[in-house]
Every structure is written in C-alpha cells, then in structure tokens.
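Only one structure is covered here, and it is reproduced in the block below.
No value in this document is a laboratory result; all are computed from the given coordinates. Every value quoted in this text rests on a predicted model; they were computed, and no experiment measured them. No Cβ is skipped: glycine too gets one built from the backbone with ideal geometry, and neighbour counts run over all protein chains shown.
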C-alpha cells in the first residue's frame, strides 16, 4: 500500500562540552540495562506526500503499510513532552510488508487502499485511503475510518464503543513555497461503564457519551533550497462538543523562522505560538496562552550550543489569571567521531491543558472539569543517541525538574452536599505545591537484517509526594517491546509486549487507597500477501486474556481478535 505521508525533518543540534562526557557514560550504562525508548520522536522531511494521521483512540494495530527497504531504518529525535496523566494501551507499529525483495523501480505503486474486518465483541472495522498521484503540484488525500464494538467487557452493550473519522487533506507545491490544508470530523461514542451495579435497570442513554470534533488547519511553508530566511506559519481551529452540553473552541497558530547569520555556524531563530480557547460547560471561560522564544545557535563542528529565552503570557478570564513568565533555555551538544551525540541543557515552560487534550488522555471525565495549565518551573536534562554496532542503535534522555499544578486523574469524590460518589467518571486533581520529578527514558533498536526488526523501550517517571499520597493513575515504569518479522515473501508477523507498572487511585466511596495491578499485554498480528494488491490479516490482542484496569473500575476487553482483508488499487 502506498498512501501519502508528509515528513518534515526537525534536527536538533547535537553537541556537548567535555564536562558532560562522564555523566553520559553513566546514563549510557543505565540505558543498555534498561532496554527502552522515548515516545518523543519526530522525523520530518519535505516531500510531495500528504500525511493522513492515524485514527484517534483505535485500539487495534492498523494493517501493514508497504515501504521501501531504505525506509525501514528506525529514526528518532527528542523534544519536550507533555506530562501525560494516562497513557492508553495501544499498539501502532510501523509494519513492513512482504515485498519479496523487489527493487524500488520494480514495485508497482498504488495510491489507494481499503481495509475491512470483523471480530469478537461484535467488532466491525473499515478504513479507506484515496490519494491523488504524488508527482503533481496539487495533491489531495481522503481518509475515512469506522471501528466499533457491539459489546464490551461489562454489562454487554453498556460498554460498547464506536469511533468514526472522515478527513480530507491537500497540499500545493510551488517552486519556493508550499501550502497545506486539512479538514476532519471525528465522532467518538462510548459509555461510562465504570459504575457500581445499580439496584434497578436504567436507560443506557444516561451513561452515553458522544464527542463530536471538527478540525481545520492550513499552513504556509518555505521550501526554497538554501534560503536566506526559512519560515513556516500554521494555524489550526478545533471545535469540540460532547453529550453533556460541554463545548470548546480552540484556535492555535504557530510561527517559526530561521535566520543563518554566518552560514550554518551562527544562526538566529524565532519560535512563537498563539493559543486562544473558549470553553463553555456551565460557564463560559476564555483561556489564552501566548509564547515567543528567540534564540541563537552556534555550530563549531563537534561542539555546539544554543541559548534562548522563552516569554509566556497566560490568561484565564474566570480564574482571573493574567501573568507573564520568563524561562531561560540553554543547551550544549557534542558529536563524537563515531556519530554518537550527547547533549545537556536547562529549560522551562507552561504546558497548556485543554478539555480536548484531557479527553484524549482520559475520555471518562465528569462534567465541568476544572482546567488549569501545568507550569514546568525548571528542568535540567542530559541525553544522547547514536549507533553502537551495525544494526544496533540507542537513545536516552534523563531529566529532573519541578512542576506546579501537575495533574492527576481520580474517580470523582462527592462534595459535602452530595450523597453518592460517581465511580464511573473522573475528576482532574492538581497539585498546587512544587512537585519534583525525575524522568528516564531509554530505547534500543536492533535490525540485524531485512527480515527482522525489534525495539525495546523503557520509561521511568518518579513524582515527589506532595499534596496527594500517590501520583494517581501515573505508573512508575512503562516498557514496550515490539518485533516485526518477515517470515517469507508473502507472510509478515508482528509481536508486541506492553508492560505498565501498578498504579494507585483513591476509592471515592471509602476514601481508601486502591491499587491497580501491573499490566501485561501481549499482541500479535499476521499478514499474508496473496498478490500485489490483496492481503489478509489476523490480529490477536490481549492474548493473556487479562481484564486489567488502566482506569479504576474500568476493566478492558479480554482476548479479542480481528480478521480482515486489505486491498490496494
């Protein structure tokens, strides 16, 4: 299958002073022992392909994508990440198809793709990609997806779900610039099934949630070779409505400019973004955040560095917040002759939280959820990446810093004038005290041959105990191990293992501490190529059959499968 992708390459200057080399050695030894990876990967190149992003909250892996052998190398880089309170258990590996060793020029290309499947729990799955030829100035892509279950792990239809998406993306390429745009609609339907057994029957509509999301984006970007000034301007408008009268309109605009002063040795950069949101859920609240970050970068062969200053203005109409804070940013980098890169630095920021961003992490939020941004007061970090041996590469990053208003999810606890707790819905809890955190992320990639590729990734997160006895629903350790094996010219197999350490929550009725057991989730997939255009697949998820709870009182599906076909045209 050849559906479109946009890659735009974001390079970090990778250079560090010699005083950090001993520290790097310590972290490298930890990384090899931990066998892990960082989520925060971006590889972007400017080409003539339309990106069709994966459907949100789809719990099965997407069928394999045909790729050329030269595209199979794993690539990654680091960037600041949002301190997520909950990570869903999902698997979306990059799968290579059994091309039978064909050369690129011999492989026939197909721009369009359809996938159909069904499984237990009454699952129906369908996905369609239609793309215009990629060798034109105007490129268009259409994507549609449906993924639903008629039953779930609790009370049959009371834990069913349905996810639908339709989108169109386009891009116009001129000689020196490109314009990209997209319009999408998402409809997510599910139920608050984490309730205690009621004494009497109730209407399913009372626990039904529907999220309708419309996104529109447009961007203008310079693509001229060796420009005196490189720049990009992008804007996105998102409109969100739920089944309980909540609405949020979010408008985000980003601007990036790159000014070479002395060739590539001394560079000035300006990054800015404007974020304006209006949320109505009982009351209307305008929440804006504006950020500007000028910086300078120096590249002296193996050594390099950057220094900048980030000014952030935060506004909240209801909470009477209107403040501007500054955060200095410093990074030093060093490149070894063996192409191993190490870096260290200091940073800070205000992390923007919206109703939409919370619902992506945890869809079972109660009405009128309180919204506050999280301040990263200061962060110190060190990391590195590179190739150890042929086919074996690594990356790691360790950081220590302080958050204010770090958020947690916990089942809703009743107020004094309320008689019963609602175990099926979650509230957002903020730690207003200064919370120290330590993050360590390590990844190893191994690709000994074209027929086997594997990676293992570990993420360790420690949060200081401050306002709450435990970091609710935040695991201390997460491990992912993924494998892709080309068994033959026609058969591809995938095996994924996911481990999440135990998490904690507070029982909203007894107010006692509750523990969610550690999660082991094993998944496999087999794809058989019948011809150039026709493939059949079998997916087995949660092979161990554990009804684990990533959220308290929300057991997940046990063993589930999906069987289907793919057709490229």
Taking the beta-carbon count within 10 Å as an exposure proxy, list 206, 201, 317 from fewest neighbours to most. 201, 206, 317
Difference of contour (0.36 nm per residue) and Cα-Cα distance, residue 128 to residue 520: 137.9 nm
Label-point separation in nm, residue 276 to residue 206, each point 7 Å along Cα→Cβ: 4.2
With 0.36 nm assigned to each residue of separation and the Cα-Cα distance removed, residue 413 to residue 464 gains 16.1 nm
Give me the distance between the Cα centres of the range 438-483 and the range 228-306, rounded to whole Å. 28
Gyration tensor verdict on the range 411-536 (Cα atoms; rounded if a/c is under 1.5, prolate if a/b is larger than b/c, oblate otherwise): prolate
Can you put 537, 561 in order of Cβ neighbours within 10 angstrom, beginning with the fewest? 561, 537
Hey, with R₀ at 41 Å, roughly what FRET efficiency would residue 138 and residue 268 work out to, going by the Cβ-Cβ distance, to 0.05? 0.75
How far, in nm, would the chain grow between residue 218 and residue 378 when pulled straight, counting 0.36 nm per residue and subtracting the alpha carbon separation? 54.3 nm
